[in-house]
Amino acid sequence: MAHIIAIANQKGGVGKTTTAVNLAASLAVLKKRVLLVDMDSQGNATMGSGVQKNDLLYSVTDVLLGEVPIETAITKAEVGYKVLGANRDLAGVELAIAEQEGREFILRQALKEVEQDYDFIIIDCAPSLSLITINALAAVQGVIIPMQCEYYALEGLADLTQTIDRIQQVVNPNLEIVGVVRTMYDARNALTRDVAAELEQYFGKKLYDTVIPRNVRLAEAPAHGLPVIYFEKSSKGAVAYLNLAAEIVKKIKKGSPA
Ligand SMILES: Nc1ncnc2c1ncn2[C@@H]1O[C@H](COP(=O)(O)OP(=O)(O)O)[C@@H](O)[C@H]1O
Ligand SMILES: [Mg+2]
């Protein structure tokens, strides 16, 4: 059965989408069957996978509205994995499903139809805790949290753990933080090093050993519609995300959820 994982953090700009896209690509390079689900109406994960968000015949919106079977809406990207894309239409879904019974579980139900086809389903979340994000968090076994190593990252921690607790109580009792990944790491910066150490204390074993460095190739690759591994294979960013994927696969082999 697929490992279904959301990449989430209520803060914007911490590297959620970059992690979702590059983890999906790296897992695919490791011969895993991967589906990337874009649950952000900005559609950055879609575009970053080389799928034109505005040319989508069907998107995750149609799936959430129950208009097409999920299989119909999944597109084959040319980057080694499949994509259930999103665009600005997703912003309108919230209202459309607000009164519907079981509204939190629409994505979960839909994924049941395809989960046997994949080893990993990675869901990229928007920063807000909307009904869309709740659908994502209700559908997964675990959350990977990207954290930028800056002072404010620590301030947001309490909020984040509270959110996860709430989701556990209301929609997904099995939800857990499976891993925390440090992103945009700059080893020359003393504050970064301090925060990284504090995260280690706070999260212990859940903190991945792999650290994602600040790397300009990671920021450039999406403009070409490519995960960094296809943009510049030997860049530090590409190597780091491959290492992260390998670390996750290894942890799973040892019985951890990711
Ligand atoms: N490790 C990194 N090194 C350099 N730039 C990065 C890195 N990770 C993300 N970025 C850039 O930072 C910005 C925010 O990242 P993004 O993944 O979109 O965050 P989020 O999805 O959390 O909002 C983007 O422009 C992205 O290209
Ligand atoms: Mg994003």
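The values are calculated or read from the model by the stated rules, or taken from the named source; none is laboratory data. Nothing here was measured: the structure is a model prediction, and the numbers come from that model. Ideal geometry is used to build each Cβ from the backbone, glycine not excepted, and the neighbour counts take in all protein chains shown. The area values use the complete protein model at the heavy-atom level, side chains included, leaving out ligands, DNA and RNA. Shrake-Rupley method; radii C 1.70, N 1.55, O 1.52, S 1.80 Å.
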### Task
May I ask you to list the residues in segment 140-149 that are within 16 Å of ligand 2 (Cβ to nearest atom) and of a type in the set (A, V, I, L, M, F, W, C)?
Val143, Ile144, Ile145, Met147
### Task
Select from segment 190-218 the residues that are closer than 24 Å to Leu30 by Cβ and free of Cβ contacts under 8 Å to residues at least 12 places away in the same chain and list them in ascending order.
Lys205
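One line per residue, one yes/no per condition, for (1) open to solvent by 30 Å² or more (accessible area, probe 1.4 Å); (2) within 16 Å of ligand 2 (Cβ to nearest atom); (3) in contact with a Cys (Cβ under 9 Å, 6 or more places away or on another chain):
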site: Arg103; (1), (2), (3): yes, no, no
site: Tyr118; (1), (2), (3): no, no, no
site: Leu129; (1), (2), (3): yes, yes, no
site: Ile132; (1), (2), (3): no, yes, yes
site: Ala138; (1), (2), (3): no, no, no
site: Glu155; (1), (2), (3): yes, no, no
site: Ile167; (1), (2), (3): no, no, no
site: Arg182; (1), (2), (3): no, no, yes
#### Entry: Residue list for segment 218-235, restricted to those being part of a helix (DSSP H, G or I), surrounded by 17 or more Cβ atoms within 10 Å (Cβ to Cβ) and not aromatic (Phe, Trp, Tyr)
Leu218, Ala221, Pro222, Val228, Ile229
### Query
Quick check: anything in segment 21-34 within 14 Å of ligand 2 (Cβ to nearest atom), in contact with a Phe, Trp or Tyr (Cβ under 8 Å, 6 or more places away or on another chain), closer than 15 Å to Ala136 by Cβ and of a type in the set (S, T, N, Q)?
no
### Message
With the condition being open to solvent by less than 40 Å² (accessible area, probe 1.4 Å) and over 29 Å from Glu232 (Cβ atoms), I'd like the strands (runs of 3 or more DSSP E) fully within segment 1-93 carrying at least 1 qualifying residues.
### Response
3-7
### Message
Conditions first: (1) buried (at least 20 other Cβ atoms within 10 Å of the Cβ); (2) out of contact with any Pro (no Cβ under 9 Å at 6 or more places or on another chain); (3) at pLDDT 95 or above; (4) over 16 Å from Gly48 (Cβ atoms). Leu199 passes all but one, so which condition is the exception?
### Response
(3)
### Query
For segment 140-151, how many residues meet the condition of being touching a residue at least 60 places away in the same chain (Cβ under 8 Å) and either more than 18 Å from the chain's Cα centre (by Cα) or open to solvent by less than 20 Å² (accessible area, probe 1.4 Å) (or both)?
7
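Under 13 Å from the mean Cα position of the chain (by Cα) and either under 18 Å from Ser256 (Cβ atoms) or of a type in the set (D, E, K, R) (or both): does that describe Ala24?
When the stated conditions are applied, Ala24 does not pass them.
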